[in-house]
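The structure appears right after this line, and notes come after that.
Nothing in this text is a laboratory measurement; each read-out follows from the coordinates by a stated rule. Note that the coordinates shown come from a computational prediction; the quantities given were computed from them, not determined experimentally. Virtual Cβ from ideal backbone geometry, glycine too; neighbours counted across all protein chains shown.
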Amino acid sequence: MPPREQRVALVSFVVGSVLAGGNAVAVRFSNRELDPLWGAGFRFALAAALGLAIMAVMRLALPRGRALLGAMVYGALNFAGAFALAYYALLRLHAGFGQTLLALVPLATLLVAVAWRQERLRLSGVVGSLLALAGVAVMSGASVQEVHVPSVVASVGAALCFAQAAVLVRRLPRMHPVAMNAVGMATGAVLLILGALVAGETIELPQRAATWLSIAYVVPIGSIVVFLLYLVVLRYWHASRAAYEFVLIPFVTVALSAWLDDEPIGLGLVLGGLLVLAGVYVGALRPAVEREPADA
């Protein structure tokens, strides 16, 4: 990969990870007023509208044919499936713990990519994922007093949805990331709102200032900017490597959750954090010593 493209990917990786750190905290505040499916659907309806407006300004055409279908399936997995489960999980879990569970995404993505014959099962990826998971386990054990099992299962399900969506993106025709996200978020919003109606959730606009502040963050920053940067990373890196964003995000989330939502933090955070960083370096950032297979 040319040095310029490597720098673009790395900067997008780091900036996207930092900005995404506030998402889970914002969702926790949203969940205190809005039902989860409706809250997620409302968020992505606004984000889709903003994305379509950006497309109009940039004079981007909507994807067609296989690209359009792929963007819609991406939206069903990455926005409807993953965030329906994540919003449900964050009803009971603190934001930091919920986000650390999503650090399973790199390992899940590697296994899904191998199953789709998109990547090889590389030793560095396995070792990096295991180190990162060990760090997550230490961080979680140090900060969590009670565990709601259905919420943990929902977080793992969200991780699997994110993993499959990342692998799918690598197989789709090349699309502008703004157009792909706009279509994906619109698809996700429709499915989430339909799910809210079927589940009998209350459909209402927020009344609390804290809810509107959380939406003001997750729509332009946590949805538009974060997922644009993620698609940029996926353009240059293999899916399992790009998924290491989900390992860095908990550092920001835990700090914000402790500050804004009184989430307890134990001393194990330091050791867990070092293990996570080691895993990210080994699995994603260490220069490859072997030639990677060509993109599928």
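Label-to-label distance, ARG286 versus ALA255, with points set 7 angstrom from Cα along the beta-carbon direction: 2.6 nm. If you take the charge dipole of the range 3-285 about its Cα centre, with +1 on Lys and Arg Cβ and -1 on Asp and Glu Cβ, which of LEU102, THR211, ALA165 is farthest toward its positive end? Result: ALA165, furthest along the dipole toward the positive end. Across the range 73-87, computed HN-Hα scalar couplings (Karplus, 6.51 cos²θ - 1.76 cosθ + 1.60, θ = phi - 60°) run 5, 4, x, 4, 7, 7, 10, 6, x, 5, 7, 4, 5, 5, 5 Hz from first to last residue, x flagging Gly and Pro. Subtracting the Cα-Cα distance of TRP116 and ALA210 from 0.36 nm times their residue separation leaves 29.6 nm of extension gain.
Comparing VAL183, PRO220, VAL233 along the charge dipole axis of the range 162-291, the residue lying farthest to the positive side is VAL233, per the Cβ-charge model.
Per-residue Karplus couplings for the range 227-234, computed as 6.51 cos²θ - 1.76 cosθ + 1.60 with θ equal to phi - 60°, are listed in order as 7, 5, 5, 5, 5, 5, 4, 5 Hz, Gly and Pro entered as x.
Summarising the label geometry, the points placed 7 Å from Cα in the beta-carbon direction at LEU271 and MET58 lie 4.5 nm from one another. Each 5 Å bin from zero up to the one holding the largest Cα-Cα distance in the range 143-234 carries the following percent of pairs: 3, 10, 13, 19, 21, 18, 11, 4, 1, 0.
Only Lys, Arg, Asp and Glu carry charge here, each on its Cβ (+1 for the first two, -1 for the last two); on that basis the range 11-98 has a dipole of about 180 debye about its Cα centre. Approximating the spin labels as points 7 Å out from Cα along Cα→Cβ, the VAL11-to-VAL126 distance works out to 3.7 nm. With N as its number of residues, the chain has a Cα radius of gyration that, divided by 2.2 N^0.38 Å, comes to 0.95.
What is the gain in length, in nm to one decimal, between VAL225 and ALA49 on full extension, counting 0.36 nm per residue of separation less the C-alpha to C-alpha distance? Write down the numbers at each step before the final one.
Details: separation 176, 0.36 × 176 = 63.36 nm, distance 1.41 nm.
This chain segment gains 62.0 nm when fully extended.
Taking 0.36 nm per residue of separation and subtracting the current Cα-Cα distance, fully stretching the chain between VAL73 and HIS176 would add 35.5 nm.
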